[in-house]
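Heads up, the thing below is written out as structure tokens.
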Amino acid sequence: MTWVILILFSALTRGIGDIFYKKLSFDFTPQTILLFSSFLNLLFLAPTFGGVGLLETKLFLFVFLKAVTMTTAWLLFLYSLKKLPISIATPLQMLSTLFAIIFGFLFLKESLTILQSIGIFILLSGLLALQMLSKKEKEDIKKINNILSKAFFLGILASFFSALSLTLDRYLLRDLIDPVNLQFWFYIFILTNTFVVFLFLKTPVKKTFQNLKSKWWIFFILSLLLVVSDKTYMTAATYPLALLGLLIPMKRLSIIFSVFIGGKAFKEKNLGSKIFATIVMLAGLFLMVW
């Protein structure tokens with residue numbers, strides 16, 4: 001089926017994108033990576049922003065709030081990815097679906113099914129296994145262990161804020177705002193927020209641009225991969241035969257790609273166990289959205 005091929009391609013491009021994020025994290029701060037990548041994303045998407053207009057004050061505030069939560073989520077994720085092996089940092093993104101279900105239950109009055117409850121248990125079991133593997137990384141150096149524990153927690157916190165953004169999406173797209181306007185103003189606010197963080201943290205501008213001269217092509221490829229991934233995913237979602245219950249877990253297959261390919265590329269330890277823990281989490285995610 002065409003939609004299956006599209007969603008698998010979306011997962012592959014997103015998974016490779018996470019590997020490029022990891023590569024950039026060696027030379028750039030999280031705020032720098034987000035600033036340049038969001039700027040390029042906006043440029044790549046510019047041709048699709050036909051008919052964009054001003055929003056009501058209330059909607060502006062909601063979109064701005066969504067951008068703040070997502071900016072926070074991305075910065076925390078990029079910090080986690082900088083400090084953790086990619087085979088541990090990326091699977092934590094699956095927790096955003098867990099938090100989104102909880103928020104939907106609490107704030108949008110959505111019911112929690114038996115399958116979702118089982119899925120949550122399985123996902124958390126996989127998370128526990130991943131956390132135990134995280135503790136084994138560099139276990140002979142206490143200081144590094146502390147950094148890994150902090151980065152692991154911040155990775156979970158990133159998923160929490162990502163879920164808040166997703167919940168706001170579900171609220172805003174209920175006939176309050178069209179997707180094009182939402183995407184345009186969201187990216188504008190993301191860029192603005194990140195620029196403020198960039199200045200507030202006194203990021204070394206001279207060193208940043210020196211690194212950028214030799215690494216600009218990585219940012220270009222990264223943004224291209226992310227835009228292609230998002231557009232392919234949205235195209236797959238428009239197919240009448242696309243099974244909505246499979247779209248989210250199939251998109252999250254990107255994590256399998258980033259764990260396997262990224263883990264091999266960066267020569268990480270315990271890769272087989274991490275892949276197994278990731279598959280367990282993915283199985284729980286499948287039940288949660290089915």
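The values are calculated or read from the model by the stated rules, or taken from the named source; none is laboratory data. All of these numbers come straight from a predicted model, not from anything done at the bench. All Cβ positions, even for glycine, are placed from backbone atoms using ideal geometry, and neighbour counts span all protein chains on display. Calculation scope for accessible area: heavy atoms of the full protein, side chains included, ligands and nucleic acids excluded. Shrake-Rupley method; radii C 1.70, N 1.55, O 1.52, S 1.80 Å.
From helices alone, the chain scores -26500 deg cm²/dmol at 222 nm; the rule is -39500 (n - 2.57) for each run of n ≥ 4 DSSP H residues, then divide by the residue total. Take the Kirkwood radius over Cα pairs of segment 12-70, plug it into Stokes-Einstein at 10 °C and 1.306 mPa s, and you get 114 µm²/s for translational diffusion. In the full protein context, segment 57-109 carries 37 Å² of accessible surface per residue, based on a 1.4 Å probe and ignoring ligands, DNA and RNA.
Residues Asp27, Asp169, ordered by accessible area of protein heavy atoms at a 1.4 angstrom probe radius and largest first, appear as Asp27, Asp169. May I ask which of Lys150/Lys267; Lys82/Lys274; Lys66/Lys267; Lys82/Lys207 have a Cα-Cα span longer than 25 Å here? From the list (Lys150/Lys267; Lys82/Lys274; Lys66/Lys267; Lys82/Lys207), the Cα-Cα distance tops 25 Å for Lys66/Lys267.
The dipole here belongs to the chain: it is taken about the Cα centre, uses +1 on the Cβ of Lys and Arg and -1 on the Cβ of Asp and Glu, and is about 1060 debye.
Here the chain was treated as a single set of alpha-carbon atoms; its pair distances binned every 10 Å from 0 give 6, 26, 38, 24, 6, 0 percent.
Exposed loop positions in the chain were taken to be trypsin sites (Lys or Arg not before Pro) whose DSSP state is not H, G, I, E or B and which have at most 11 other beta-carbon atoms within 10 angstrom. Between these positions, the longest stretch is 1-108. Of the DSSP H helices in the chain, those with a Cα length along their own long axis of 24 Å or more and a mean Kyte-Doolittle hydropathy reaching 0.0 comprise 2-24, 57-83, 114-136, 142-172, 179-200, 205-237, 271-289.
Segment 18-54: which chymotrypsin sites (Phe, Trp or Tyr not before Pro) are DSSP loop and have at most 16 other beta-carbon atoms within 10 angstrom? Sites meeting the loop and neighbour criteria: Phe26, Phe49. The length gained on full extension between Ser273 and Arg170, counted as 0.36 nm times the residue separation minus their Cα-Cα distance, comes to 33.6 nm. Split the accessible area of the chain by element, probe 1.4 Å, and carbon with sulfur accounts for 72%.
Can you give the longest run of the chain that contains no GluC sites (Glu not before Pro) sitting in a DSSP loop with at most 12 other Cβ atoms inside 10 Å? Longest run free of exposed loop sites: 140-290.
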